[in-house]
1. Inspect region 257-271 for any residue being on the phi > 0 side of the Ramachandran plot and out of contact with any helix residue (DSSP H, G or I) (no Cβ under 9 Å at 6 or more places or on another chain) and give the result as yes or no.
2. Of everything in region 387-412, what is out of contact with any strand residue (DSSP E or B) (no Cβ under 6 Å at 6 or more places or on another chain) and not in a strand (DSSP E or B)? Give them in sequence order.
3. Pick out, from region 217-291, the strands (runs of 3 or more DSSP E) lying fully within it that include 2 or more residues that are modelled with pLDDT under 95, open to solvent by 10 Å² or more (accessible area, probe 1.4 Å) and more than 30 Å from Met187 (Cβ to Cβ).
4. Let me spell it out: the conditions are (1) modelled with pLDDT under 95; (2) surrounded by 18 or more Cβ atoms within 10 Å (Cβ to Cβ), and Asn136 meets all of them except one. Which number is the exception?
5. Considering only residues that are closer than 19 Å to Lys43 by Cβ, open to solvent by 10 Å² or more (accessible area, probe 1.4 Å) and assigned to a loop (DSSP other than H, G, I, E, B), which ones fall in region 192-216?
6. Could you check how many residues of region 164-189 are of a type in the set (Gly, Ala, Ser), assigned to a strand (DSSP E or B) and at pLDDT 95 or above?
7. Can you name the residue in region 403-414 that is open to solvent by less than 50 Å² (accessible area, probe 1.4 Å) and modelled with pLDDT of 90 or more and, of all such residues, is farthest from Phe349 (Cα to Cα)?
8. Considering only region 361-379, how many residues are of a type in the set (A, V, I, L, M), open to solvent by less than 90 Å² (accessible area, probe 1.4 Å) and at pLDDT below 70?
Amino acid sequence: MSLGYAEKLSFIEDVGNVGMKEFFDSSNLLQDKIERLAKMIQKSKHLVVFTGAGISTSCGIPDFRGPKGIWTMQREGKSLPEASLPFHRAMPSITHMALVELEKAGILKFVISQNVDGLHLRSGIPREKLSELHGNSFMESCPACGAEYFRDFEVETIGLKETSRRCSDTKCGAKLKDTVLDWEDAMPQKEMLPAEKHCRMADLVLCLGTSLQITPACNLPLKCLRGGGKIVIVNLQKTPKDKKASLVIHGFADKVIEGVMNILTMRISPFVRIDMLQIIITQSLSADTKYVNWTLRIASVHSLKATLSFIKSVEVTFPDARNYKAAILDEQPFNLKRRTGTTETFDIFVKLHLIDGCGCLYTEIKIPFSFEVLNGCIDLEKDTVMQNLREQAIQDFSCGQNAVIERKTSAAPKSEVTVHAIVTNIKAYEPDGLSNGDIKTLMGNSNGVETSRKRSRSNSRKRKSRF
């Protein structure tokens, strides 16, 4: 979990059992149980998956109750565990992505999660097939109209408090609230009702990486038993519900699910993360009408005041207009002001330096500039553009590809807003049966985008068999 989230929670004396002993099934027993689970999933008509912090530890997010969990370390008076990546850059595990494939195949009907890391949504589980019982650290909701906003940054509050942003619906405009529960907050009915419904309908509830201690959430899987459903628990520690389960597996969730997917002959697609930003150019004539005063602004799509969480700095150059001085913007907000003649046309080159945790060091965007601005909105078929970006990233196994997905222009005042989608990470999941769900992740390198592309071509034959 996010260490920030844990620190924001109200103090509570009793957080339940912590530092619980871990158990590991022998390799032969584990394989036997994986085969049994695969058969149960294959026969299932209504599979529901119930997840806890244990499915995200391989993503670099500490759990709560394990030997080095947050609550465990706090009770022992030790330093809190450190996350290996910024919370907002964590990428889904093999388990997260396998669940996406099971959902696409029509096998998995619903996911219930106690996690606030947002990785189920980021991996591709449809919102309507997901209950996030304890909220989502990256989600804001509108208490007036019910609209939800999934962010690329961690929302600053927890406890269902008002944030600094408002609903973007012009007919609403209410102040947004975070969605993460504090200890005293009641379970939201919006999440609980569908979770209860699907557990009652389930013929199989698969519990992954959860100690099943927190009520009332931990009792949800039991609701399948009345209708003849079965429970399977995959966890390293023993749980209070083990006696109710038809099968208990002590092993890493990634290893178990990877084995299940191999038996079902289902591949796990790579995860491609696409982040967005908007580039705004506003123009106005000088008082003597001889010049154009213009401003270039690079901003978050979530709010003009929101931090661009994946951008470190911005370099702006004018290769074809040498009389304009280049600039490096290393503090947010990223704004640049210039003055040009009314008849001048040239290209602005924007080099976006990405933060650590992204899959390449930078990406570049070319912006044609002129004083002529059309009035209207250009429909660029967002879904098609996004899909093309994903496919290209997988084919090249590289990051940095970008494309315009929306363009709006206005004549008074003269302005142009373009929304750009950028591939910032790609992660492939090896199907070789290696221990604990080995993965291949594209990380940054000294030569940026071009080097990663060259490296990808040299290994393209090996990758084609996987993709």
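1. yes
2. Gln387, Asn388, Glu391, Gln392, Ile394, Gln395, Asp396, Phe397, Ser398, Ala412
3. So the answer is 271-285.
4. (1)
5. Asp203
6. Of the residues in region 164-189, 0 are of a type in the set (Gly, Ala, Ser), assigned to a strand (DSSP E or B) and at pLDDT 95 or above.
7. Per the criteria, the residue is Ile405.
8. Of the residues in region 361-379, 2 are of a type in the set (A, V, I, L, M), open to solvent by less than 90 Å² (accessible area, probe 1.4 Å) and at pLDDT below 70.
The values are calculated or read from the model by the stated rules, or taken from the named source; none is laboratory data. What you see is a predicted model; the values in this text were computed from it and never measured. Reconstructed Cβ throughout: ideal geometry from the backbone, glycine too, with neighbour counts over all protein chains shown. To get the accessible areas, we keep the full protein, side chains included, count just its heavy atoms, and leave off ligands, DNA and RNA. Shrake-Rupley method; radii C 1.70, N 1.55, O 1.52, S 1.80 Å.
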